[in-house]
Amino acid sequence: MKNILFISALLISSILFGQDTLTQDGKFNTEFETGFGVKVPMTFNVSGINLEKIKSSPEFKVWEEQTFSNPKNADYIEKNKNKTHIEMFLMSELTMSSFFTKFKLKNGNSYTPINGTSSLVYVPKDGGINITFNFQAQNGYGNMIYSTSITTVKLVDGKIDYETFVY
């Protein structure tokens with residue numbers, strides 16, 4: 001019964017939140033997949049100041065150049081033509097952050113992102129872009145614990161580099 005309620009809540013949430021959209025109040029709605037492939041709606045706070053910093057960041061500019069100048073990305077661009085470049089960028093970087101977080105775990109199948117907690121995308125003083133969110137997963141002893149993921153997206157030698165920390 002709990003599984004049915006959980007799945008129903010996820011379906012209703014995905015309808016209410018929408019997918020991969022940036023709202024006027026600085027929220028970015030997307031979906032992450034659990035370790036078992038169940039989609040979980042996630043909402044990230046992206047303040048107006050941080051949004052402007054991201055748009056002018058070297059990471060965004062390199063991503064934009066590489067994405068829109070490569071003919072191999074034509075299908076991806078066509079599929080997402082109703083999204084702005086910043087929405088596509090956030091969608092891409094958040095997906096990578098979730099992937100790298102799951103990859104860092106001893107039991108990636110237990111990975112379950114938690115919506116409704118303080119999930120942020122921001123630009124720190126030293127540059128780059130930080131993505132932080134909470135999740136639940138099994139530790140090395142098999143106990144379910146709550147953790148935080150912080151992924152730093154930085155430009156290193158002209159390429160976008162990711163560094164993920166799990167606490």
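Residue count for the stretch 47-59, restricted to those that are under 20 Å from Thr132 (Cβ atoms), assigned to a helix (DSSP H, G or I) and in contact (Cβ under 8 Å) with a residue 40 or more places away in the chain: 4. Scan the stretch 149-162 for residues that are farther than 14 Å from Phe103 by Cα, free of Cβ contacts under 8 Å to residues at least 60 places away in the same chain, among the β-branched types (Val, Ile, Thr) and surrounded by 12 or more Cβ atoms within 10 Å (Cβ to Cβ) and report the count. Residues in the stretch 149-162 being farther than 14 Å from Phe103 by Cα, free of Cβ contacts under 8 Å to residues at least 60 places away in the same chain, among the β-branched types (Val, Ile, Thr) and surrounded by 12 or more Cβ atoms within 10 Å (Cβ to Cβ): 1 in total. Looking only at the stretch 113-120, decide whether some residue is surrounded by fewer than 16 Cβ atoms within 10 Å (Cβ to Cβ), out of contact with any strand residue (DSSP E or B) (no Cβ under 6 Å at 6 or more places or on another chain) and without any contact (Cβ under 8 Å) to a residue 40 or more places away in the chain. Within the stretch 113-120, none of the residues are surrounded by fewer than 16 Cβ atoms within 10 Å (Cβ to Cβ), out of contact with any strand residue (DSSP E or B) (no Cβ under 6 Å at 6 or more places or on another chain) and without any contact (Cβ under 8 Å) to a residue 40 or more places away in the chain. Put simply, of Phe68, Phe103, Phe89 the only residue that is part of a helix (DSSP H, G or I), buried (at least 16 other Cβ atoms within 10 Å of the Cβ), of a type in the set (Phe, Trp, Tyr) and on the phi < 0 side of the Ramachandran plot is Phe89.
Do we have Tyr111 as farther than 18 Å from Thr152 by Cα and either among the β-branched types (Val, Ile, Thr) or touching a helix residue (DSSP H, G or I) at 6+ places or on another chain (Cβ under 6 Å) (or both) here? Reasoning before the result, please.
Numbers: farther than 18 Å from Thr152 by Cα: yes; either among the β-branched types (Val, Ile, Thr) or touching a helix residue (DSSP H, G or I) at 6+ places or on another chain (Cβ under 6 Å) (or both): yes.
Spelling it out, Tyr111 is indeed farther than 18 Å from Thr152 by Cα and either among the β-branched types (Val, Ile, Thr) or touching a helix residue (DSSP H, G or I) at 6+ places or on another chain (Cβ under 6 Å) (or both).
Listed conditions (1) of a type in the set (A, V, I, L, M); (2) at pLDDT 90 or above; (3) within 26 Å of Val166 (Cβ to Cβ) are all met by Ala74, apart from (3). State whether the residues of the stretch 72-81 include one that is polar (S, T, N, Q), outside any helix (DSSP H, G or I) and loosely packed, with under 14 Cβ neighbours inside 10 Å. Within the stretch 72-81, none of the residues are polar (S, T, N, Q), outside any helix (DSSP H, G or I) and loosely packed, with under 14 Cβ neighbours inside 10 Å.
The values are calculated or read from the model by the stated rules, or taken from the named source; none is laboratory data. Predicted, not measured: the structure shown is a model, and the values here were computed from it. Note that each Cβ is placed from the backbone with ideal geometry, even for glycine, and that neighbours are counted across all protein chains shown.
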